[in-house]
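One structure is given here, and the rest of the page talks about it.
The values are calculated or read from the model by the stated rules, or taken from the named source; none is laboratory data. Everything quoted here is computed from the prediction, not taken from an experiment. All Cβ positions, glycine included, derive from the backbone under ideal geometry; neighbour counts span all protein chains shown.
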């Protein structure tokens, strides 16, 4: 185990639903990340939090809303998603959001939007 | 602009043979280079990184990678492949901007 836990593992939702993805890290790290992984495409960085403050938002649509209540927990709130949002959503953490830091990933939430 | 390329979608090797998974990059400034592996139904796991120093970097599970500045490459290698090495491998690079990942290379090791 990597010390990063994501729930749920699988999620199926309709386009009008509201759901949330949860991530928890037990490593004492200060930085947390959301990535989107689609088949045959590079990982897309969505959001970066450092010490509970959002430090990076890579032009992600507003139907994705992150929340970081403390340095151990990260949420991704989903609302009125589109079928093209179906993907594996990965949470990661690192000691700090520095240049040489290695990332610790959770197993991901496989999201299907119908 | 930063970029990273993994030119092969899939690499096939026989167990016991050496393997190479290729990665080339383009960044501003000195590169920070990483390799990650993803097993089925799992997140990515860190294998190794190059920040500075010796061009040959050793990592987890017997993998190593060679930084070649003139060719802007950071190929992943292992002297003797195992069936259990079969997975999806990602190269990642960071220069002065954010960390970016390649599209991944599937390694298939056959008995």
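For segment B:34-79, a residue qualifies if it is in contact with a helix residue (DSSP H, G or I) (Cβ under 8 Å, 6 or more places away or on another chain), farther than 26 Å from residue A:93 by Cβ and not in a strand (DSSP E or B), and exactly one does: B:79.
In segment A:8-19 there is at least one residue matching the filter, namely being more than 30 Å from residue B:107 (Cα to Cα), touching a helix residue (DSSP H, G or I) at 6+ places or on another chain (Cβ under 8 Å) and touching a residue at least 60 places away in the same chain (Cβ under 8 Å). Take the conditions within 16 Å of the chain's Cα centre (by Cα), loosely packed, with under 12 Cβ neighbours inside 10 Å, touching a residue at least 12 places away in the same chain (Cβ under 8 Å) and over 21 Å from residue A:98 (Cβ atoms) and apply them to residue B:40. Does it pass? Judged against the criteria, residue B:40 is not a match. Within segment A:24-67, if we keep just the residues that are buried (at least 20 other Cβ atoms within 10 Å of the Cβ) and more than 18 Å from residue A:86 (Cα to Cα), the residue that is modelled with the highest pLDDT turns out to be A:25.
Residue B:13 meets all of the listed conditions (1) in a loop (DSSP other than H, G, I, E, B); (2) under 23 Å from residue B:109 (Cβ atoms) but one, namely (1). Considering the conditions (1) at pLDDT below 95; (2) surrounded by 12 or more Cβ atoms within 10 Å (Cβ to Cβ), residue B:24 is excluded by exactly one of them, (1). Count of segment B:80-111 residues, restricted to those that are within 14 Å of chain A (Cβ to nearest Cβ), buried (at least 21 other Cβ atoms within 10 Å of the Cβ) and in a loop (DSSP other than H, G, I, E, B), is 3.
Looking only at segment A:15-30, count every residue that is within 13 Å of residue A:63 (Cβ to Cβ) and in a loop (DSSP other than H, G, I, E, B) and tell me the total. Here the count works out to 3.
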